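Worksheet: the structure to be examined is printed underneath.
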Amino acid sequence: MGKLIAVQGCVLQIMNGVGVAVITTPPLTDIKVCGLPPYAGPLSIQITAGSIGSITNGDAMGAGVLMPTAQFSTWDGKAPVCEGDMVQIPVNGTTGPKHDSATDVAIVKIASAGQTFVKTD
């Protein structure tokens, strides 16, 4: 049973907190999946405005690279990113009323592929 391929408009979820997670890598432009450009990795993700773990003031920020889990499919030498793929991203911010420095790790998941038809390995 395959996994759905993530396309432009897919939904990211921070699994262990709240905040804004966005993909900064552009999707492929020469391929379409259900009429939308798909993502292939590695995929750069940026987090801002987060409250994650020990960072409680809503200012967590960080960046990381999601490596796709697909093993047998490639486009231009890159594996497709799939629903359920995850990455751990180090984040920095502050905690408490004195805004003490804090660090933690955000877990970001492709929660919804943005399409429900095309799957890969």
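The values are calculated or read from the model by the stated rules, or taken from the named source; none is laboratory data. On a predicted model such as this, the values are computed, not experimentally measured, just so you know. Positions of Cβ are generated from backbone atoms using ideal geometry, with glycine treated the same way; all protein chains shown enter the neighbour counts. Only protein heavy atoms, including side chains, enter the accessible area calculation; ligands, DNA and RNA are left aside. Shrake-Rupley method; radii C 1.70, N 1.55, O 1.52, S 1.80 Å.
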From the residues in region 20-49 that are within 12 Å of the chain's Cα centre (by Cα) and of a type outside the set (A, V, I, L, M), which one is nearest to A106 (Cα to Cα)? Q46
Residue in region 23-42 that is within 15 Å of C82 (Cα to Cα), free of Cβ contacts under 8 Å to residues at least 24 places away in the same chain and touching a Phe, Trp or Tyr at 6+ places or on another chain (Cβ under 6 Å) present: yes
In region 14-54, which residue that is among the polar types (S, T, N, Q) and part of a strand (DSSP E or B) is farthest from L66 (Cα to Cα)? S51
Go through (1) at pLDDT 95 or above; (2) open to solvent by 30 Å² or more (accessible area, probe 1.4 Å) one by one and return the number of the condition I55 breaks. (2)
Tell me whether region 65-82 contains one or more residues that are in contact with a Ser or Thr (Cβ under 9 Å, 6 or more places away or on another chain), open to solvent by 40 Å² or more (accessible area, probe 1.4 Å), part of a strand (DSSP E or B) and of a type in the set (V, I, T). yes
Could you check region 83-103 and list, in sequence order, the residues that are crowded, with 21+ Cβ neighbours inside 10 Å and more than 28 Å from L4 (Cβ to Cβ)? G93
Checked region 83-113 for anything of a type in the set (A, V, I, L, M, F, W, C) and outside any strand (DSSP E or B); matches are A113
